[in-house]
Amino acid sequence: MAKLQPVRGTRDIWGDEARRMEHVIRAFIGVAQRFCYSKISTPVFEFAEVFKRSLGEASDVVSKEMYTFTDRGGEEITLRPEYTAGIARAYISEGMQQFGVSKLYGYGPMFRYERPQKGRYRQFHQLDVEVIGAADAGADIEIIALGQQLLEDLGLAGKVELHLNSLGDMDSRKAYRAALVAYFSDHKDKLSDDSKIRLDKNPLRILDSKDRGDRALLGDAPKLSDHMNTASADFIGAVKAGLDALDIAYLQDDHLVRGLDYYCHTAFEFITTELGAQGTVIGGGRYDGLIEQLGGPPTPGVGWAAGIERLAMLLDETPPQVRPIAMVPLGNEAEARALAIAHDLRLRGLAVDTAFRGNIKKRLQRANRINARVAVILGDDELAKGVASLRDLDSGNQREVALDDLVEKLADELAPEN
RNA sequence: GCGGGCGUAGCUCAACUGGUUAGAGCGCCGGAUUGUGAUUCCGGAGGUUGGGGGUUCAAGUCCCCUCGCUCGCCCCA
C-alpha cells in the first residue's frame, strides 16, 4: 500500500456514480414489487461449503475466484461470489417449501478475486431475482419479462439484446455432451489450448470460445437441437411462445451455455455491445438441480442476476435529483429559526438543505451548486419584520413572505413539482 | 492466472531528440460586491511527475522492480 487507496478492484462509490447506482436499484425495486416478488437479504458471507457444493469444486469461481478465509472459530468462510447459492441455502434453512412457489428479489455486494476491468470489479453489486418451486415455463417467461421491464424503465432496452438458448434437461444434455466430446476429440489438434482443457472439464464452453480456430470448427459441430428430447423441446418452445406473446424480442443463440451441471433448459443473457468484453448486463437461467445438490428436496428454480455497475454505466445521463429548498439564515437567531422552518418543511415532504456555515454569499453559492429552486433568506431585517425573503434561484426574483405563512406557502407552491 | 497499453494539480491534459524555477483549462479559495448565487473582472493556494531503485554532469522523459488503472484472454454481472 504505497499511499492510502482502496484495495485492488474495489473503489469508493460516491457522487454521480452513487446516484446512478441508486437509480438502478430504485427502478429494480419498483419492478420487483410490481411483479410481487418479496425481498430477501442473505448474509454477505456463508460457509465456504455452500458455494463449493452449489457451484462445484471444479468451477472457475470456486477454484480461483473466491475470497475465502478462516474465522476465529476455525470456520471456513467465503464472501459470496453470487446470490443464488445463498438464496438456495436460505430456502432450505428457512423451510420455504411450505409456502409453495417463492418469488424473491434482492441486491447487494458480491466478491470475486478476478483481474479487474471496466465493468468488472472484485467487489461489485448485483440485482437478483429467483423463482423457486415452479417447474413451469411461465416462471421463465415471467423473470425474463421482469428483466425486460427493468431495462425499459431504465431506458436501456434499445441498447441491449436478449440472447436465449436451451440446455435441455439432464438426459438431453448428457447425450449432447457426449456428441460434442466425440466431435471435438476428432479435431483436438485444431483446438486452442484453452479449449483442450475445456474438452475435459466443460466441453459446452467450447461453443462460446472466442478463439478463431475454435470458431471455425463450430460450423460442423453437433447441435443441441438434434439431441434434445421432446419434453425439452416443448419446454423451450413454450418459453419462446410466451415471449412472443409479450412482444419480447430474442435471439436464438446456440452458443450461449452455462458451465455448471445443475443448469438446465432456459439460459439467457441480456447483452450490450457498449461495455467491451463485459457486455452481459443480465444473465440467468433455470437450475432445477441446485437445491437438491445442496441437500434440500428436489426443487426447480429459475432466476437471474444483473450487474448494477454495468447497468449504471449504460445510463445516458445521471438522473436528476429532487431540487431542494435552501435555508440561508444569517446570525444565531435566524439560524435557530431556520432549523425549525426546515423541520416543518421536511415534515411536509419537501427537500430542504442546510449548510451550517458561511455568509450569505457562500450559502447562495452552495444553493446554486445543489440546484436548489428557492432560497429562504432569513436575516436581522427579515426577523425584525416577521418575514423571510424567498429568492427564486432560476429567475432571481425575490419577495417577502410572512413567517407565519411561509411553510404553508412553500408546501403549496413546491409540493407538486417535488 | 496470461499478454498489451497507460500513470504529471481535485478533474481533463501540455512540457521538442533527457537540459535550468513542471504549465494550461476547469474546479477550489479570496477579492471587486462586509445582506445576494448562476455571468464578468482581479488575485491566490494546490505537485517529492503513483512508489522504490538504477543509468547520467543532468530524468516527468531512458532501464529495472512494485502499486494502481486500462484493453484483450480466461470467466462472468
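In order along the stretch A:340-345, the phi-based Karplus estimate (6.51 cos²θ - 1.76 cosθ + 1.60, θ = phi - 60°) of 3J(HN,Hα) comes to 5, 5, 4, 4, 5, 5 Hz; Gly and Pro are listed as x.
Here is the P(r) of the stretch A:325-414: all C-alpha pair distances, binned every 5 Å from 0, give 3, 15, 29, 29, 19, 5 in whole percents.
Please determine, in degrees from 0 to 90 and to the nearest 10, the orientation of helix A:15-34 with respect to the longest principal axis defined by the Cα atoms of chain A, where the helix direction is its Cα long axis. It works out to around 70 degrees. Just grab the label-to-label distance for A:PHE69 and A:ASP404, each label 7 Å out from Cα along the Cβ direction, in nm (one decimal). It works out to 6.3 nm between the two label points. Take A:144-154, A:171-181 and order them by the average number of nearby Cβ atoms within 10 Å per residue, most first; the result is A:144-154, A:171-181. Peptide packing: for A:198-209, A:279-290, the average count of neighbouring Cβ atoms within 10 Å per residue gives the ranking A:279-290, A:198-209, highest mean first. Here A:ASN397 and A:ASP254 are evaluated by their C-beta separation; at R0 = 51 Å the FRET efficiency comes out at 0.20. Between A:ARG369 and A:ALA245, the modelled labels are 5.6 nm apart [label points 7 Å from Cα along Cα→Cβ].
Modelled spin labels at A:SER225 and A:ILE77, positioned 7 Å past Cα toward Cβ, are 5.0 nm from each other. Evaluating kT/(6 pi eta Rh) at 4 °C and 1.567 mPa s, with the Kirkwood radius of the stretch A:73-214 over Cα pairs in the Stokes-Einstein relation, gives 68 µm² s⁻¹.
Protection proxy ranking of A:93-103, A:127-137, A:379-389, by the mean of other Cβ atoms within 10 Å over each peptide's residues and highest first, is A:127-137, A:379-389, A:93-103.
Mean projected area of the convex hull spanned by the Cα atoms of chain A, taken over all viewing directions: 27.3 nm². Placing +1 on the Cβ of every Lys and Arg and -1 on the Cβ of every Asp and Glu, with no other charges, gives the stretch A:325-414 a dipole of roughly 540 debye about its Cα centre. If the chain linking A:ASP60 and A:ALA216 were pulled fully straight, counting 0.36 nm for each residue of separation and taking away their Cα-Cα distance, it would gain 53.6 nm.
Taken as Cα centroids, the stretch A:268-324 and the stretch A:112-189 sit 9 Å apart, rounded to the nearest whole angstrom. Taken over the alpha carbons of the stretch A:28-93 as equal point scatterers, the Debye sum produces base-10 log I(q)/I(0) values at 0.16 Å⁻¹ of -0.60. Amide H contacts under 5 Å for A:GLY56: none, restricted to partners 5 or more places along the chain or on a different chain, H placed in the peptide plane at 1.01 Å from N. Across the stretch A:268-274, rounded Karplus estimates of 3J(HN,Hα) from the backbone phi angles (6.51 cos²θ - 1.76 cosθ + 1.60, θ = phi - 60°) give 8, 9, 8, 10, 10, 9, 8 Hz, Gly and Pro being marked x. Each residue of the stretch A:169-178 is assigned a 3J(HN,Hα), and the resulting list reads 7, 3, 5, 4, 5, 4, 4, 5, 4, 4 Hz, derived from the Karplus form 6.51 cos²θ - 1.76 cosθ + 1.60 (θ = phi - 60°), x at Gly and Pro. Report, in listed order, any pair from A:LYS64/A:LYS174; A:LYS52/A:LYS190; A:LYS39/A:LYS409; A:LYS118/A:LYS361 with a Cα-Cα distance greater than 29 Å. Long pairs (Cα-Cα over 29 Å): A:LYS52/A:LYS190; A:LYS39/A:LYS409; A:LYS118/A:LYS361. Amide H contacts for A:VAL387 (H built 1.01 Å from N in the peptide plane; partners 5 or more residues away or on another chain; cut-off under 5 Å): A:LEU403. Rounded to the nearest 10 degrees, the angle from helix A:403-414 to the longest Cα principal axis of chain A is 30 degrees.
Bear in mind these aren't lab numbers, they're just calculated from the coordinates by the rules spelled out. Note that this is a predicted model, so its numbers are computed, not measured. We place every Cβ from the backbone using ideal geometry, glycine too, and count neighbours over all the protein chains shown.
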